[in-house]
Amino acid sequence: MSSPTIDFANAVAGVVPGTGIDPDRLHGDLAARFRDAHAAVTARRRAGEMGFFALPADRDLTVRTGAVAATVAPRFESLVVIGIGGSALGTAALRDALLPPAWNELDAASRGGRPRLHLMDNPDPDSVAALLGRLNPARTCFNVVSKSGSTAETMAHLLVAWTWVESSLGPGGPRERFVVTTSPGRGPLRKLAEDHGLLALDVPDAVGGRFSVLSPAALFPAAVTGIDTGAVLAGAAEAAARCSTPELLRNSAGVLATLLHVADTEMGCPVHVFMPYADRLRGLAYWIQQLWAESLGKAVDREGRPVESGPTPLPSFGAADQHSVLQLLMEGPRDKIVVFLGREVPERDVGIPERFAEEPALACLGGHTLFDLLDAERRATAEAMRREGRPNLTVMTERLDAHAVGSLLMLFQIAVVYAGELYGVNPLDQPGVELGKKLTFGLMGRDGYPRPEAPRSDSRWRV
Ligand code: PA5
């Protein structure tokens, strides 16, 4: 069982030339500031506002999720998760990290008889038509995930999929093939489930979309595909326990939040680059991006005053992006701090054969493994950035197993709510996405919703 560690030497003054945090401050003003943030988070948690903390211990929810998954898994060859944003990114993070690579290309025996897993998030007709064209309606289960139960993209996909099943299998077809995951007791999706007798799972009221990865929103698809959800929750519970102390240097989520907040507000680094050196952490990087963006990108603080600063999260992927983005990170504007993510031990490795010894560029690689190379690139990039005065942190787990992934998910969720307090903003809301949603409904003809103003003829430019 491995828990994440954070190495922040490359963000410390005197280590990273020309910038960095005075380490004494981690015992002084930053420790005091974190104690206040910790107290505020604890108060909101006790007031029942931060339901994600309680998910690992919610036994009823876990048992129900496992029971529904057990009825679904053997009956279908495909599971399609219909959801978007926080109702899709957690599933993608768990899929990438914990299912064997190219899961959907494996045959049924190699998948242990469990379904393939597809995501329907973006309402792009090319992708949706192509996906449905590949699926067998009789052998496909749709899991419609929406906390509100009314998100336009998700509802549109529900209508398309429902009608697709019905037109092939008749009016009784959808009832056996749709499972909904939504708020308990309210919303259009809940009503649809009740009216049609669908299996339904709850996203608890106090759990927001981007904080729902440890709820049935992502754990149901994970359980159906055979991910060890118990180990994910155990890792999350352990991380929550470790990140519960108000002592900054003993709280890894507090350290992460504090360092990234200082990087933005004092070191001129508002761009937070999350850069895994593991293909299996791709989904996690996009999940972190949403968590950071929606939680911390706010126009006003908790007192309603305009906010002048705030981070911009950017996923990047090592080692491939060393050949695309690294030039910018090394020599572009000094407005970035990189958070490298990696693991100490790979689950599998590939040896590099010793061949063509006369060619030095090839000879030095032979006898090593691909993980040796990937890990050397991570360490070399962190060191190269340090030498150039580019601050960076490294979050490592020993292995990338279900326990460690659960720990990472909880670590970043706790870090973002601490960061919300440090910035003075509410990390739990997302008022900035509401207007666009309303205008979309207006354009789609929904009564009572505003329509975008017609473009002024003199402001319309085309080339
Ligand atoms: O984090 C959030 O709240 C959002 O990203 C939501 O997850 C997203 O808008 C989808 O909302 P819903 O789950 O209500 O369909």
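The values are calculated or read from the model by the stated rules, or taken from the named source; none is laboratory data. These numbers were taken from a predicted model, which means no experiment stands behind them. Cβ placement follows ideal geometry from the backbone for every residue including glycine, while neighbour counts extend to all protein chains displayed. Quick note on the areas: whole protein, heavy atoms, side chains included, nothing else; ligands and nucleic acids left out. Shrake-Rupley method; radii C 1.70, N 1.55, O 1.52, S 1.80 Å.
Before moving on, here are some points about what is shown:
- Residue check for Phe340: open to solvent by less than 50 Å² (accessible area, probe 1.4 Å), touching a residue at least 60 places away in the same chain (Cβ under 8 Å) and within 30 Å of Asp401 (Cβ to Cβ): yes
- Scanning the range 315-337 for residues that are within 21 Å of Thr397 (Cα to Cα) and open to solvent by 50 Å² or more (accessible area, probe 1.4 Å) gives a single hit, Ala320.
- Answer residue from the range 72-106, given it is assigned to a helix (DSSP H, G or I), away from the ligand (no atom under 16 Å from the Cβ) and not charged (D, E, K, R) and is most open to solvent (accessible area, probe 1.4 Å) among those: Pro74
- Subset of the range 251-292 [open to solvent by 20 Å² or more (accessible area, probe 1.4 Å) and more than 16 Å from the ligand (Cβ to nearest atom)]: Ser252, Thr265, Glu266, Met267, Gly268, Pro270, Val271, Asp279, Arg280, Arg282
- Test for Glu153: is it more than 23 Å from the chain's Cα centre (by Cα), among the acidic types (Asp, Glu) and open to solvent by 20 Å² or more (accessible area, probe 1.4 Å): no
- Residues considered: Ala129, Ala138, Ala109, Ala69. Of these, the only one that is assigned to a loop (DSSP other than H, G, I, E, B) and modelled with pLDDT of 95 or more is Ala109.
- Applying the condition of being open to solvent by 50 Å² or more (accessible area, probe 1.4 Å) and not charged (D, E, K, R) to the range 173-191 and asking which residue is farthest from the ligand (Cβ to nearest atom) yields Gly185.
- Residue ID - surrounded by the most Cβ atoms within 10 Å (Cβ to Cβ), chosen from residues in the range 192-235 that are charged (D, E, K, R) and within 16 Å of the ligand (Cβ to nearest atom): Arg210
- Residues in the range 117-140 that are crowded, with 21+ Cβ neighbours inside 10 Å and away from the ligand (no atom under 16 Å from the Cβ) were compared, and the one that is farthest from Leu89 (Cα to Cα) is Thr140.
- The one condition in (1) part of a helix (DSSP H, G or I); (2) modelled with pLDDT of 90 or more that Lys437 fails to fulfil: (2)
- Across the range 156-172, the qualifying residues are those that are more than 16 Å from the ligand (Cβ to nearest atom), open to solvent by less than 60 Å² (accessible area, probe 1.4 Å) and assigned to a helix (DSSP H, G or I), and the one among them that is nearest to Leu198 (Cα to Cα) is Trp162.
- Criterion (in contact (Cβ under 8 Å) with a residue 40 or more places away in the chain, open to solvent by less than 40 Å² (accessible area, probe 1.4 Å) and either among the charged types (D, E, K, R) or closer than 23 Å to Ala231 by Cβ (or both)) met by exactly one of Ala402, Ala382, Ala419: Ala402
- Subset of the range 385-399 that is open to solvent by 20 Å² or more (accessible area, probe 1.4 Å) and in a loop (DSSP other than H, G, I, E, B) - its residue that is farthest from Thr229 (Cα to Cα): Glu388
- For Leu201, the conditions (1) over 21 Å from Ala70 (Cβ atoms); (2) not in a helix (DSSP H, G or I) all hold with the exception of (1).
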